[in-house]
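Right, one structure below, let's go through it.
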There are 2 protein chains.
Amino acid sequence: MNKHLLTTLVAVGSAAFGSYHYGIYKERQKHSDILPLKQAELLHKHSQKPGFPLFASVSAAVPATTPTAQDVNLTATPSRVSEIMKFGFPSLDSVRSYSDFVLSYDRRNRVPYWVFEHLTAESIAKNEAVDRSKCEFRPDDSIHPYFQSQNSDYRRSGFDRGHMAAAGNHKRHQKHCDDTFYLTNMAPQVGQGFNRDSWERLEYYTRTLTKTYPNVYVCTGPLYLPRQEDDGKKYVKYQVIGNNNVAVPTHFYKIIVGETSDNRLEMEAYVMPNQVISDDTPLTVFQVPPESVERAAGLLFFDRINKKQLTKINGKKV
Amino acid sequence: MNKHLLTTLVAVGSAAFGSYHYGIYKERQKHSDILPLKQAELLHKHSQKPGFPLFASVSAAVPATTPTAQDVNLTATPSRVSEIMKFGFPSLDSVRSYSDFVLSYDRRNRVPYWVFEHLTAESIAKNEAVDRSKCEFRPDDSIHPYFQSQNSDYRRSGFDRGHMAAAGNHKRHQKHCDDTFYLTNMAPQVGQGFNRDSWERLEYYTRTLTKTYPNVYVCTGPLYLPRQEDDGKKYVKYQVIGNNNVAVPTHFYKIIVGETSDNRLEMEAYVMPNQVISDDTPLTVFQVPPESVERAAGLLFFDRINKKQLTKINGKKV
């Protein structure tokens, strides 16, 4: 039935482009050995919504809502952004600042490149005024419609809308929690056995670090790692879901920096596969050298750290 | 033998990380059902060169060399960049300006996101002073070493180092031609039957447009298109080559805008699969709606065009 729906959409999409486009389409079918038809369909399916760019191609970090006098601490103030991004931006593509976290959005894959948070004991403390059940998953209209993911992309995909900035990390205000439900902060995650289990264990562990460090900085995001196949060659392969082809990452990373009261910095780096993981697997199994994540992600994390301050990596003195 | 070399490098890489990392590595092997060992190796292989970021994470558009008084027209002057990028930047990630073209570099895939050129009859005219055989493929050291592609990645891969900004488009000075040989301007292309044949036909066709239009603007880059597999799900799959895992795109796009002497703009958009294509396939077969490329690439092309000026798309009046 899904397949039938897809075919219908493709047909409608093609028809909408009129006879000229149809002519090209027929011509392409003749040459379907060259541009495989299924790929052509996937490409053309998007012609459902023709039209030209409405948005500027890149926006600087801006608050999602306009601050008012009473409400200023609920938006991404420049000072809060500076606090969160104290150790540098991993990249500057499609950066969005929300009330309590900052991200860079991957418009090709419709998931974030990275999401940056700053946690303290206070920001994660239990707060009766914040009700997670009031939060709603929703697209961020500051992203051009071509590149947004939608709730419909995730529906019946078999994947959770997995938070990169965890809702439980942002409990000072209802709006802080609400903002983590923007779909720009999501990536498709295996639910049972990963998002709701071992990945959540890692998120919980990250929060416990606020007992050790007055300031905890966290950068979280997806990876698309190659595998060697039987032909001896390496391939990157990942599923895409929904009409918007939202990428299902093969792995997720989390880089954590704890800042001690005497300004020493301690770093931990984790990579977990986006699959069912046994609950008794220790988190340390997933520790990796931070630079291996940088190479795989194409990003530089905590670039502005003074190396003299960095005293530990993955529990080992450096 | 290649395989043997790879294994050796992995072993050396692991050893270099010392006994602590070795401990984690052994632990990981026990849990190899969770993080498949081959993936773990691919991730850890990069630990050959441990160390922290040396470069700023993002550079603004800067000339690759410092201009001198005599040499200023051989570098990317602000006015030349403005000319090339007249109709807007498709994105702003890792932008590099060379003497006669501008690109944005995909640090995760080690190939460009997009490469922008401005062609005129003069810039492509035969010039005895420019000798292509003197040009050498070389990495651009303004890209952090973690994210560079190297000649060794392409060697024995079976793929050509395919120019995005074609060498034949930049004949005013030897340096203009030289610059097109930076590996930042390359992506792995099937050689015989594609790069040296049908793709070159498209490049040649683009140059002929300078007879029709006083100004021709060209944006070229890679695509990674999903295919539906037998399980009914859509997957993106592409090979990666060399130690740096340089992505082999599934397709390439070229968006061309011709500006007439009375300021009308005419656009053509092409997508070709990175595979052997019969020489008698007409180029029009590969024409696609421009917005389908925008959606697939995650980019907005010619965003600053005044829609009233745009009078034709793919030969059809709009």
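The values are calculated or read from the model by the stated rules, or taken from the named source; none is laboratory data. Just so it is clear, the model here is predicted, and its values are computed rather than measured. Cβ coordinates were reconstructed from backbone atoms using ideal geometry, including for glycine residues, and neighbour counts include every protein chain displayed. Keep in mind that these areas ignore ligands, DNA and RNA; they rest on the heavy atoms of the full protein, side chains included. Shrake-Rupley method; radii C 1.70, N 1.55, O 1.52, S 1.80 Å.
From the list A:L202, A:L223, which residue is over 22 Å from A:D100 (Cβ atoms) and within 22 Å of the chain's Cα centre (by Cα)? After ruling out the rest, the residue left standing is A:L223.
Note on region B:283-318: residues that are in a loop (DSSP other than H, G, I, E, B) and either more than 8 Å from chain A (Cβ to nearest Cβ) or hydrophobic (A, V, I, L, M, F, W, C) (or both) amount to 12.
If the condition is being at pLDDT below 95 and more than 18 Å from B:G258 (Cβ to Cβ), then region B:94-126 contributes only B:K126. All conditions in (1) in contact (Cβ under 8 Å) with a residue 40 or more places away in the chain; (2) polar (S, T, N, Q); (3) outside any strand (DSSP E or B) hold for B:T220, with the sole exception of (3).
Taking B:A129 as the residue in question, decide whether it is in a loop (DSSP other than H, G, I, E, B) and in contact with an Asp or Glu (Cβ under 9 Å, 6 or more places away or on another chain). Taking the combined requirement at face value, the residue does not satisfy it. Against the definition (open to solvent by 10 Å² or more (accessible area, probe 1.4 Å) and part of a helix (DSSP H, G or I)), how does A:L209 come out, yes or no? Yes; evaluated as a whole, the condition is true for this residue. If the condition is being under 20 Å from B:Y224 (Cα atoms), in contact with a strand residue (DSSP E or B) (Cβ under 6 Å, 6 or more places away or on another chain), of a type outside the set (A, V, I, L, M) and part of a loop (DSSP other than H, G, I, E, B), then region B:155-202 contributes only B:S157.
Looking across B:T250, B:T220, B:T284, one residue alone is in contact with a Lys or Arg (Cβ under 9 Å, 6 or more places away or on another chain), surrounded by fewer than 23 Cβ atoms within 10 Å (Cβ to Cβ) and of a type in the set (V, I, T). It is B:T250.
Restricting attention to region A:244-278, the residues that are more than 10 Å from chain B (Cβ to nearest Cβ) and part of a loop (DSSP other than H, G, I, E, B) total 7. Could you list, in sequence order, all residues of region B:72-115 that are in a loop (DSSP other than H, G, I, E, B), of a type in the set (S, T, Y) and surrounded by 20 or more Cβ atoms within 10 Å (Cβ to Cβ)? Listed by number, the residues that qualify are B:T75, B:S91, B:S94, B:Y98, B:S99. Is it fair to say A:K171 is surrounded by fewer than 22 Cβ atoms within 10 Å (Cβ to Cβ), within 19 Å of A:K134 (Cα to Cα) and touching a residue at least 40 places away in the same chain (Cβ under 8 Å)? Yes; evaluated as a whole, the condition is true for this residue.
Being on the phi > 0 side of the Ramachandran plot and in contact with a strand residue (DSSP E or B) (Cβ under 7 Å, 6 or more places away or on another chain): is that true of B:R110 here? Answer is yes for this residue. Applying the criterion of being open to solvent by 10 Å² or more (accessible area, probe 1.4 Å) and in contact with a strand residue (DSSP E or B) (Cβ under 8 Å, 6 or more places away or on another chain) to the residues of region B:119-148, the residue that is farthest from the other protein chains (Cβ to nearest Cβ) is B:T120.
Might you let me know whether region B:299-309 holds any residue that is closer than 30 Å to B:R156 by Cα, under 22 Å from the mean Cα position of the chain (by Cα) and open to solvent by 30 Å² or more (accessible area, probe 1.4 Å)? So far as region B:299-309 goes, no, none of its residues is closer than 30 Å to B:R156 by Cα, under 22 Å from the mean Cα position of the chain (by Cα) and open to solvent by 30 Å² or more (accessible area, probe 1.4 Å).
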